[in-house]
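Notes follow the structure.
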Amino acid sequence: MNAVAMLVFVGCLCGPAWPQNAAGGEELARGRFLVASRGLGDPNFAEAVVLLLDYAEDGSATGLIVNRRTDLPLSRVFRDLKDASQRTDTAYIGGPVELNSVLALIKSATKPEHARQIVGDIYLISSKELLQKTLESRTGPEAFHVYLGYAGWEAGQLEHEIDLGAWRVLPASAAEVFHSDPESVWPRLIRRTETQVARVGHWLRSH
């Protein structure tokens, strides 16, 4: 299969952010992390950290799992691209939806043309042209990650899961998205959310 041909534009990624109260003290919005709770049993999301790409007015949402690296090098993902032929850095599983689709995140001090800002210096690549241009520029894995598939929630589904305690919500950061050791990201963030919850509980008890 021509790997570039399987790059698809995910049309649902353009909805407006709509804040709601969420576990962890942060509002649900584009640019937030969803950190799976220790008790989340769904194998698709166990120990996952999801970067929200959008959270729409109706409560539907899309995101990318940022800490699930595969063994598949980009040279194999993009077999027909000369600029990817020497890429040994590997793709990530972005989520269980449309695993034949490709999206990418890039860290950049300035907005790349046709890219979409998610938060801070993190931008979403969802076009074949920009993906090819980024590969040609030889941007390394410290600032460029490719994702197979994405995560999606229907209206109200994510809020319900949060009410059940499945997710904690934190501000996202490029340092965690592009961390050189993605397996360390979830343990660190879940400990952070648990510390925050403990502090809030202590404050409530003391007042």
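The values are calculated or read from the model by the stated rules, or taken from the named source; none is laboratory data. All figures in this text were calculated on a predicted structure; none of them were measured in a lab. Neighbour counts run over all protein chains shown; Cβ positions are idealised from the backbone, glycine included.
Values as computed for the structure displayed
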quantity	calculated
Test: residue in the stretch 92-99 that is touching a helix residue (DSSP H, G or I) at 6+ places or on another chain (Cβ under 9 Å) and touching a residue at least 12 places away in the same chain (Cβ under 8 Å)	yes
Among the candidates LEU74, LEU28, LEU40, residue that is under 17 Å from ILE162 (Cα atoms), buried (at least 21 other Cβ atoms within 10 Å of the Cβ), touching a residue at least 60 places away in the same chain (Cβ under 8 Å) and hydrophobic (A, V, I, L, M, F, W, C)	LEU28
Residue ranges of helices (runs of 4 or more DSSP H) in the stretch 119-189 with at least 2 members of a type outside the set (S, T, N, Q), without any contact (Cβ under 8 Å) to a residue 60 or more places away in the chain and surrounded by 13 or more Cβ atoms within 10 Å (Cβ to Cβ)	128-136
Test: residue in the stretch 10-24 that is hydrophobic (A, V, I, L, M, F, W, C), at pLDDT 95 or above and closer than 21 Å to TRP186 by Cα	no
Hits in the stretch 61-85 - residues which are charged (D, E, K, R) and part of a loop (DSSP other than H, G, I, E, B)	ARG68, ARG79, ASP80
Residue among SER85, SER108, SER137, SER127 that alone is of a type in the set (Gly, Ala, Ser), at pLDDT below 95 and touching a Ser or Thr at 6+ places or on another chain (Cβ under 9 Å)	SER85
Any hit, the stretch 125-138, residues being under 19 Å from ARG30 (Cα atoms) and out of contact with any Gly (no Cβ under 8 Å at 6 or more places or on another chain)	yes
Residue in the stretch 33-48 that is part of a loop (DSSP other than H, G, I, E, B) and under 20 Å from ILE125 (Cα atoms) present	no
